[in-house]
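Below is one structure, written out as structure tokens; the observations come after it.
The values are calculated or read from the model by the stated rules, or taken from the named source; none is laboratory data. Everything quoted here is computed from the prediction, not taken from an experiment. Note: ideal-geometry Cβ built from the backbone for every residue, glycine included; neighbour counts use all protein chains shown.
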Amino acid sequence: MIKYILFSFQFLFVLFNVFPLFSQVQKDTIALSEITLEASPIKNKLQNSASSVSVISRIDIHKTDGIVLTPVLNKIPGVYMQQGALNTNRITIRGIGARIPYGTSRIKAYFDGIPITSAEGETVIEDIDVASIEKIEIIKGPNSTSFGSGLGGVLHLFSRETPARESFGKYTTTFGDFGLLQQRLSAAYSDIHSNLYSSYSDLQNEGYRTNSSYDRKNFNLFGKQKIAAKGSLSFIGMYTKLKAYIPSSLSEKDFNNNPEKAAATWNAAQGFESYNKFMMGLGYDHQFSKKWSLNSSIFSNVKEAYEARPFDILDENTRSLGLRLNINYKDRMLSLPFELSFGSEMTTENCEYSLSENLYLTQPGNGSIQGNQFSAINEKRNYSNYFLQMEFWPTKKLHLETGIALNTTKYSLKDVFQTNAESQNHTFGSIWSPRIGLSYKVGNLKNIYASVSKGFSVPSVAETLTPAGQINTDLQPEIGWNYEIGFKGNWLDNKLYTEAALFSTQIENLVVARRTADDRYVGVNAGSSSHPGVEFIVNYKVLESNNFQITPYFSGAINHFKFKDFVDGDADYSGNQLTNVPNKQLNFGLDVYTKWGFSVTASYRTTGRIPMNDANTKYTNSFSLLDIKTTYAFKVLKILKTELTAGVNNALNEKYAASIVPNALGFGAVPPRYYYPGNPINYYGGVSISCLF
């Protein structure tokens, strides 16, 4: 792979001298804090927002290999994404959701306003083609009443948009170590009334570990169409076809000595997951007058999944249908500007799944073999959120945000495998979530803010079930109050941007996933946790001229998350550090752009030790990762835009745990398997060619 990188750099040098770009570095004339946030029903500038919101642009996404979002999200203070494999991820915000055994929970995620999060709280974003994302807005903590049960926060992903009156066709390929090959075709069209973008991508990767090959195909279609002067239609369609083998986690001995191997049982069963997933949404916006406007969408998600695991084989079909609606009213109150938004989000979801025996041990070497079915369940989930949000300017410098939401979540469960089984119904009742925030302008593009908000997360269906398969009606939702103060400011003619936030989230009814067997868990309310911390960002344009732009940045999060009152069975973990959360994350980076189309981006991230169990008897080692990417862009015949890239991930060849299974247990003589090893140093390169129309 090194020869490919050397060749790429030689090629870049030749092109740098043969095809120079006669243009200037594109300057960012708008301060970062002046960016308008689009996720909230009431649009507001980042500077004036009374909460901690991070914005990831397409330029930020382009600084990585473009395969996964992990290195992008991990640059955001307070956000931590663990990546055990391309299809095994966990996202936590300020420690919320860190103790979930697998997957992402306790946060909400949306794509163009359409929920990616299922009705029971599971979020999967790792199968989205990264190139289809225009930007990401991350609201940290329960600071958005209009988006329901996101105790940790909300991720808003926005689809790729075509620049005004520009059309193109584009081919991109990325290749790298461990059999990485991604090919993508995309096309776009834009005029004063229409905006269309479509893409098809094929991603294949053999993987660093045994039994970790990955094959994913994505097709995306996004469109916006103006209707007369006051209305517009939008469409989103995303199809994903995936087959990914699963190496699973390793014991400490294997992690240290044979990190490339797969867990023995998963390797013998050739365990994998596969699914076809389709998400579709249709939106309509209308401006009735200067005061009244409407934003609405209907959406549907369909997923057909099959997962072969050593202990059983899962066959699952999920279908959901939903509606999101909000009406905005903008006027003056007592001669002062204010805006009001009210609306609702409702989703109904039906899930049918069955479990069958895996007979892989009867015919060794043939992988998973489906045997007799031993369980079949039908689940119906209904989720609804009603919200009221208001923003008010008492003075030119003081900005008030307030809101309240009402949520209801209901489950219905029926064991169709048992004859004459009756449905079990359960609701968590009505949950109110208020919020208030104040932002005050202390100087030109300098604001301080404070907020108090309440959030919640309802347990998943799996967490509510007892070992006998009955719904535990005593299990309560997790409830959290968040207290936050912060500062956002620009300095030195907008060349220096700084941001700092002090927060404390107090969570009650902490849901503990108590393991009862291999991949079997039961949820119990076991206490409370405290999440105080500080987050900060410093961006500085050291040099900004017609020829060069050099921007170093520094960001980080330091926290002291702990259990306050936590008793699990006979064990008392009160006062211990919260499991599966590093006590610090620091990010250093440098971006260099030139007028000749040549750029270099480098990021260095260090992560502190992570407790792997509630007893705090085992910790991971701290680790640091260095990623570097070079890009050269040039034009041929004025219509062909070509871009060459070369990069290296984990340039220091750090040995580290990319993800862990919290509170892993060993069974019999088998030691606990905590570790998902991260990839060693790996190289990649790429070429993209765009034809502009």
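Could you tell me which residue of region 401-428 is farthest from ASN326 (Cα to Cα), considering only residues that are in contact (Cβ under 8 Å) with a residue 40 or more places away in the chain and of a type in the set (A, V, I, L, M, F, W, C)?
PHE417
Given the conditions (1) surrounded by 16 or more Cβ atoms within 10 Å (Cβ to Cβ); (2) within 22 Å of the chain's Cα centre (by Cα); (3) not in a loop (DSSP other than H, G, I, E, B), report the number of the one that SER186 does not fulfil.
Failing condition for SER186: (2).
All but one of (1) in contact with a strand residue (DSSP E or B) (Cβ under 8 Å, 6 or more places away or on another chain); (2) more than 29 Å from ILE236 (Cα to Cα); (3) modelled with pLDDT of 95 or more hold for SER274; which doesn't?
Every condition holds for SER274 apart from (2).
Give me the residue from region 341-400 that is part of a strand (DSSP E or B) and β-branched (Val, Ile, Thr) and, out of that set, surrounded by the most Cβ atoms within 10 Å (Cβ to Cβ).
THR347
Conditions (1) more than 23 Å from PRO672 (Cβ to Cβ); (2) surrounded by fewer than 15 Cβ atoms within 10 Å (Cβ to Cβ), marked per residue:
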{"position": "ILE610", "(1), (2)": "no, no"}
{"position": "ALA615", "(1), (2)": "no, yes"}
{"position": "TYR632", "(1), (2)": "yes, no"}
{"position": "LEU637", "(1), (2)": "yes, yes"}
{"position": "ALA651", "(1), (2)": "yes, no"}
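Among the candidates GLY84, GLY121, single out the residue that is closer than 27 Å to SER504 by Cα and buried (at least 24 other Cβ atoms within 10 Å of the Cβ).
So the residue among GLY84, GLY121 that is closer than 27 Å to SER504 by Cα and buried (at least 24 other Cβ atoms within 10 Å of the Cβ) is GLY121.
Failed condition for SER234, given (1) surrounded by fewer than 15 Cβ atoms within 10 Å (Cβ to Cβ); (2) in contact (Cβ under 8 Å) with a residue 24 or more places away in the chain; (3) more than 20 Å from LEU86 (Cα to Cα), with all others met?
(1)
Of the residues that make up region 209-226, is at least one crowded, with 18+ Cβ neighbours inside 10 Å, on the phi > 0 side of the Ramachandran plot and either free of Cβ contacts under 8 Å to residues at least 24 places away in the same chain or in contact with a Gly (Cβ under 8 Å, 6 or more places away or on another chain) (or both)?
yes
Quick grid of which residues meet (1) at negative phi; (2) in contact with an Asp or Glu (Cβ under 7 Å, 6 or more places away or on another chain); (3) of a type in the set (D, E, K, R):
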{"site": "PHE311", "(1), (2), (3)": "yes, yes, no"}
{"site": "LEU314", "(1), (2), (3)": "yes, yes, no"}
{"site": "ARG324", "(1), (2), (3)": "yes, yes, yes"}
{"site": "SER335", "(1), (2), (3)": "no, no, no"}
{"site": "LEU340", "(1), (2), (3)": "yes, no, no"}
{"site": "TYR353", "(1), (2), (3)": "yes, yes, no"}
{"site": "GLY367", "(1), (2), (3)": "no, no, no"}
{"site": "ARG381", "(1), (2), (3)": "yes, yes, yes"}
{"site": "GLN389", "(1), (2), (3)": "yes, no, no"}
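Yes/no per residue for (1) over 22 Å from GLY686 (Cβ atoms); (2) in contact with a strand residue (DSSP E or B) (Cβ under 7 Å, 6 or more places away or on another chain); (3) among the basic types (Lys, Arg):
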| position | (1), (2), (3) |
| --- | --- |
| ILE59 | no, no, no |
| GLY66 | no, yes, no |
| ILE76 | yes, yes, no |
| THR92 | yes, yes, no |
| GLY95 | yes, yes, no |
| THR104 | yes, yes, no |
| GLY113 | yes, yes, no |
| VAL130 | no, no, no |
| GLU134 | no, yes, no |
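Check LEU502, LEU510, LEU475, LEU465 and return the single one that is within 24 Å of the chain's Cα centre (by Cα) and modelled with pLDDT under 90.
LEU510
How many residues, within region 64-95, are in a loop (DSSP other than H, G, I, E, B), charged (D, E, K, R) and under 13 Å from the mean Cα position of the chain (by Cα)?
1
Go over the candidates LEU196, LEU180 one by one and state the one that is surrounded by 15 or more Cβ atoms within 10 Å (Cβ to Cβ) and within 30 Å of THR630 (Cβ to Cβ). Step through it out loud before you land on a result.
Details: LEU196 fails: within 30 Å of THR630 (Cβ to Cβ).
None of the other options fit; the residue is LEU180.
Out of the strands (runs of 3 or more DSSP E) lying entirely within region 408-504, which hold 1 or more residues that are among the charged types (D, E, K, R), out of contact with any Leu (no Cβ under 9 Å at 6 or more places or on another chain) and buried (at least 17 other Cβ atoms within 10 Å of the Cβ)? Talk me through it step by step, then tell me what you get.
Values: elements: 424-443, 446-457, 478-491.
Output list reads 424-443, 446-457.
Take PHE175 and decide whether it is on the phi < 0 side of the Ramachandran plot, within 16 Å of the chain's Cα centre (by Cα), modelled with pLDDT of 95 or more and not acidic (Asp, Glu).
no
Evaluate the following for SER167: is it modelled with pLDDT under 95, within 30 Å of ALA229 (Cβ to Cβ), surrounded by fewer than 18 Cβ atoms within 10 Å (Cβ to Cβ) and polar (S, T, N, Q)? Spell out how you get there, then give the answer.
Working: modelled with pLDDT under 95: yes; within 30 Å of ALA229 (Cβ to Cβ): yes; surrounded by fewer than 18 Cβ atoms within 10 Å (Cβ to Cβ): yes; polar (S, T, N, Q): yes.
The answer is yes for SER167.
Just one of (1) among the β-branched types (Val, Ile, Thr); (2) at pLDDT 95 or above; (3) farther than 26 Å from ASN89 by Cβ trips up VAL636, so point out which.
Looking at each condition in turn, VAL636 falls short on (2).
Out of everything in region 519-566 that is more than 22 Å from the chain's Cα centre (by Cα) and β-branched (Val, Ile, Thr), what residue ends up being farthest from GLY666 (Cα to Cα)?
Checking each candidate, the answer is VAL542.
Which strands (runs of 3 or more DSSP E) sit wholly inside region 573-671 and have at least 1 residues that are under 22 Å from PHE563 (Cβ atoms) and not aromatic (Phe, Trp, Tyr)?
584-594, 598-607, 657-660
Output the qualifying pairs, or none if there are none: Cβ atoms under 6 angstrom, residues six or more apart or on different chains, first residue in region 154-171 and within 23 Å of VAL72 (Cβ to Cβ), second residue in a loop (DSSP other than H, G, I, E, B) and hydrophobic (A, V, I, L, M, F, W, C).
Qualifying pairs under 6 Å: HIS156/ALA39.
Restricting attention to region 154-172, report how many residues are of a type outside the set (A, V, I, L, M), outside any strand (DSSP E or B) and on the phi < 0 side of the Ramachandran plot.
6
Please state which one of GLY597, GLY533, GLY527 is buried (at least 19 other Cβ atoms within 10 Å of the Cβ) and either more than 30 Å from ASN482 (Cβ to Cβ) or out of contact with any Lys or Arg (no Cβ under 8 Å at 6 or more places or on another chain) (or both).
Numbers: GLY533 fails: either more than 30 Å from ASN482 (Cβ to Cβ) or out of contact with any Lys or Arg (no Cβ under 8 Å at 6 or more places or on another chain) (or both); GLY527 fails: either more than 30 Å from ASN482 (Cβ to Cβ) or out of contact with any Lys or Arg (no Cβ under 8 Å at 6 or more places or on another chain) (or both).
Sole residue among the options that is buried (at least 19 other Cβ atoms within 10 Å of the Cβ) and either more than 30 Å from ASN482 (Cβ to Cβ) or out of contact with any Lys or Arg (no Cβ under 8 Å at 6 or more places or on another chain) (or both): GLY597.
Please find, among ALA602, ALA664, ALA669, the residue that is surrounded by 15 or more Cβ atoms within 10 Å (Cβ to Cβ), without any contact (Cβ under 8 Å) to a residue 40 or more places away in the chain and not aromatic (Phe, Trp, Tyr).
After ruling out the rest, the residue left standing is ALA602.
Rundown of residues vs (1) of a type in the set (D, E, K, R); (2) over 25 Å from the mean Cα position of the chain (by Cα), yes/no style:
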{"residue": "ALA602", "(1), (2)": "no, no"}
{"residue": "ARG605", "(1), (2)": "yes, no"}
{"residue": "MET612", "(1), (2)": "no, no"}
{"residue": "PHE623", "(1), (2)": "no, no"}
{"residue": "LEU626", "(1), (2)": "no, no"}
{"residue": "LYS629", "(1), (2)": "yes, no"}
{"residue": "ALA633", "(1), (2)": "no, yes"}
{"residue": "LYS638", "(1), (2)": "yes, yes"}
{"residue": "LEU644", "(1), (2)": "no, yes"}
